[in-house]
Amino acid sequence: MKVAVVTGASSGIGRATAIGLAGNGHHVVAAGRSPRRAQPVVDEIARRGGSAEFLQIDLASLESARNAAKTFEDTRRTVDVLVNNAGVGATWGRTRDGFEIHFGTNHLGHFMFTHHLRRTFRPGMRIIQVSSEVHRRAPGIDFSRVRRRTRTFYGLGEYAVSKLANVLFVREMARRQPDWRVHAVHPGLTDTNIIPSIARPFIRGRLLNAEQAADTVIWCALSEDVSEESGQYYARREAIAPSAPALDDDLADELWSRSEQWCGVAPLH
């Protein structure tokens, strides 16, 4: 049976993605912080005739991300699909390792997890990174600020930087590792906890539900219609151009190199 690992599978887009992948014959590894919150998803997949298990991970901790990958590697199974979905938004603070909470969780935690999980990847496997059109609000990455606390209103500026990092991560991984098919996805404006409560009255009629938002994520993970050209950015099942900073090869290379240094991992060429 093929294996799909989904981070943030306990709710929202991650939950819908996990259930959708299980319905397509994958054994789902539901990765998250809380076994109590993830167990209902595992149980729901089982009720539908699928197969799933829980994997403990806290993406705000580089040690936890590394340990989660090692825990799975010790099972001696391989991964066919990895969906890096989990994320935080509209919040303040820093991670356990001292990084701004959005950048440290949404980008760096997934970078660490993916790096240490890579030994389990099959050739041709797919990595789907959930990003956002909000990445277009980031003019670039100020690397001196990613180790400071949130400073902008509701952390929206920092969230945008983390989503830009997601797209750059995908493009650089596609360049460095051509054996994998790697794509970033904008799921759409979705009714999740990332939407600040102050904004909800203004956008309520435009919000997608979790199943609608997970559609392109699942499509990119499974469909043969997805381009074989790795490193694309998708929305509504179509490849679209990301922002100009997201196409900056020098910025992508610098982000990757700094991420390796911060995570303390060997370079991947």
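Please report the relative contact order for the chain, taking Cα pairs under 8 Å with a sequence separation of at least 6, and give it as a percent rounded to a whole number. Write out the running numbers ahead of the final one.
Details: 536 pairs, mean separation 48.1, N = 269.
Relative CO of the chain lands at 18 percent.
Rounded to the nearest 5, what % of DSSP beta bridges with both residues in the chain are antiparallel? Each step should come with its number before you reach the end.
Working: 3 of 32 bridges.
Restricted to the chain, the bridges split so that about 10 percent are antiparallel.
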TODO: Hey, could you grab the Kirkwood Rh for region 203-269? Inverse mean 1/r over distinct alpha carbon pairs, Å, one decimal.
DONE: 14.9
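Pull out a ≥ b ≥ c, the square roots of the eigenvalues of the alpha-carbon gyration tensor of region 121-172, then state rounded if a/c is under 1.5, prolate if not and a/b is larger than b/c, and oblate in the remaining case.
Working: a/c = 2.71, a/b = 2.18, b/c = 1.24.
In terms of gyration-tensor shape, prolate.
Can you tell me the alpha carbon radius of gyration of region 18-111 divided by the globular rule-of-thumb value 2.2 N^0.38 Å?
Working: Rg = 14.2 Å, N = 94, 2.2 N^0.38 = 12.4 Å.
Rounded to two decimals, the normalised Rg is 1.14.
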Open item on the list: Charges on Cβ only, +1 for Lys and Arg, -1 for Asp and Glu, centred on the Cα centroid of the chain; of Thr120, Ala165, Phe153, which one is farthest towards the dipole's positive end?
Closed with: Phe153
Task: Cα-based shape type of region 3-263, given that a ≥ b ≥ c are square roots of the gyration tensor eigenvalues and the cut on a/c is 1.5 - done: rounded
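How big is the dipole moment of the chain about its Cα centre under a simple scheme where the beta carbon of each Lys and Arg is +1, that of each Asp and Glu is -1, and everything else is neutral? Debye, nearest 20, please. Please report the intermediate quantities before stating the final value.
Details: 35 positive and 29 negative charges, 156 e Å.
Using only the charged Cβ atoms, the result is roughly 740 debye.
If you rank Tyr159, Tyr234, Tyr154 by fewest surrounding Cβ atoms within 10 Å, what's the result? List each step's numbers first, then the result.
Details: Tyr159 28, Tyr234 21, Tyr154 16.
Lowest to highest Cβ neighbour count: Tyr154, Tyr234, Tyr159.
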Task: Positive-end extreme of charge dipole, the chain - chosen from Asn24, Gly93, Ser243 (charges on Cβ) - done: Gly93
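List Cys220, Cys263 from most exposed to least, where exposure is judged by having the fewest other Cβ atoms within 10 Å. Walk me through the numbers before you get to the answer.
Working: Cys220 27, Cys263 19.
Listed from fewest to most nearby Cβ atoms, that is Cys263, Cys220.
Calculate for the chain the 222 nm mean residue ellipticity that helices alone would give, adding -39,500 (n - 2.57) per DSSP H run of length 4 or more and normalising by residue count, nearest 500 deg cm²/dmol. Don't skip to the answer; put the middle values down first.
On the way: 8 runs with 98 residues, N = 269.
About -11500 deg cm²/dmol.
A short reminder: the numbers here are calculations on the coordinates, not readings from a lab. No experiment lies behind these values; they were computed from the predicted model shown. With ideal geometry, Cβ positions are generated from the backbone for all residues, glycine too; neighbour counts draw on all protein chains shown.
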